[in-house]
1. Grab the beta carbon distance between residue B:44 and residue B:169, set R0 = 35 Å, and tell me the FRET efficiency rounded to 0.05.
2. Springs between alpha-carbon atoms under 10 Å, Gaussian network over chain B: tell me which of B:60, B:138, B:112 tops the mean-square fluctuations.
3. Among bridges DSSP assigns within chain A, what percent are antiparallel (round to 5)?
4. Compute the convex hull volume of the Cα atoms of the protein assembly as shown, divide it by the residue count, and report the result per residue in Å³ as a whole number.
5. Suppose each label sits 7 Å from its Cα in the direction of the beta carbon; what would the residue A:340-residue B:128 distance come out to in nanometres?
6. Order these by the 10 Å Cβ neighbour count, fewest first: B:149, A:120, B:45.
7. Suppose R0 equals 56 Å; then what is the FRET efficiency for residue B:138 and residue A:245 from their Cβ-Cβ distance, rounded to the nearest 0.05?
8. Round to the nearest 10 and give me the degree value, 0 to 90, for the angle of helix A:162-172's Cα axis relative to the longest principal axis of chain A.
Ligand SMILES: Nc1ncnc2c1ncn2[C@@H]1O[C@H](COP(=O)(O)OP(=O)(O)O)[C@@H](O)[C@H]1O
């Protein structure tokens, strides 16, 4: 089976072609970071306009790529939620119609399931069951994956997502957007002994996260000091260490609670090297195997959507399961999207 | 020419299949402000008209689509559907402006179509319809306050479209006379879209990748929201205004 994947849930237009025998064939991404930068945030209408402008040319370039020897594919997967409604509808309307025109199945994919399954695109993918830490710009989730398609959310952020905390902290330190890579870069020259930041919600039981207090703590520290290059590096490091340590403590707790022997980390913040190294150490100490996708598949992309669509269409027991979103599809020709949609409700 | 026409640009959702001999149409109206719900209707309508006419997409010559102005979301659903169907079946697309589609619903004469653009504005333009050729655009589509049409409207003209229902009195006050012939047509329909596409011919068709929306309202982010360069975005800023 060769499947086209389409991602348009937020500010990245992604598309990819995945083959069940050959793996990922081609993929491409058009980022809108520059478009939204001047407005101080993602402007939903601008995002949707850009998606419809670039999506079909992007798909066309993949279909015609010499690496893809099939002009017509066997299925089309598109992100059906969660995300911005106008942005989601672009991928859904084009993806569903293209599938209808080709006479092949279309499937609406859950964006976070895409992230969760993204390590499957790599060599030596994890087997079920596993524990997953999903840390992106919009979500921070600890998920117990008992079996294919069976997700239980063990913990999530009560306020800012981890990636959002990186972005906001970078902003108050005068660093570039997106904040994650900028903070990680600045932190390289930081002195770990200068500041120590709190590890929010770690001294009480539970697996939920909170990052807004850490952001405030960073702000107060930044206001108390002259923000020279060294101080910025020291604060960036203290912040990064606090986030990474907090995520590690919760992962450790969740691993002993679930007794899982595999840990998956995905989502934009999963690209963070310090997080990967720290979780690797945790995994080694506990005889657990750590899995993560390559850095470019940590952030939003079409490849993970193609894979998740393939997974849904071909996994026994999932293929015919209706998307249980409270609002069942009216008919086989409908392309509903779900701006709010929990992983547990797929 | 065999044309499949798709119109989801306003509260009305319709699909038509037109050939030299006949035209079949499916039509439905959504509750006000819910063009996103066209996502449940439009492809079923496509399937219905194809079945009824015994055609497959591959037998057609082109796909026509209403490119707006109208609901931003509705316009994009139409574009996405037209692009997907056309790309998959190797067909060209013919984009037609919603105001021209409205104009094509009269047989002949000068017409001022107006579509409710929310925020106390209308999308409008001025057209002349001459039998059996496509509507001639006398004034290009604009978004304006209903009381300030940027063109004169003579007394023999007729007016139609949802903008007239909502702002009819203001439009009349603005153009300075009440002689205009107001028609009850509210929304563009795929059968008139198909008619304009037939009249335009394949010369006006483009590859599906080249299809573009006619938003007309392009000032969608209030300028005060603009931040100085170098300031970084935070996730999900306030939603932009607009319809
Ligand atoms: N190396 C990194 N370290 C920490 N955070 C990172 C790194 N790279 C990217 N990020 C963060 O990841 C987020 C984007 O991730 P993504 O999965 O695309 O989010 P979403 O799916 O919510 O749009 C941003 O908040 C960004 O700052």
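Quick note: the coordinates plus some simple rules give every number you see, no bench work behind them. It should be emphasised that the depicted structure is a prediction, and the values quoted were computed from it without experimental measurement. All Cβ positions, even for glycine, are placed from backbone atoms using ideal geometry, and neighbour counts span all protein chains on display.
1. My answer for the efficiency is 0.35.
2. B:138
3. So the antiparallel bridges in chain A amount to around 60 percent.
4. Convex hull of Cα atoms, per residue: 157 Å³.
5. 5.5 nm
6. Fewest-to-most Cβ neighbours within 10 Å comes out as A:120, B:149, B:45.
7. 0.20
8. Relative to chain A, helix A:162-172 is tipped by roughly 50 degrees.
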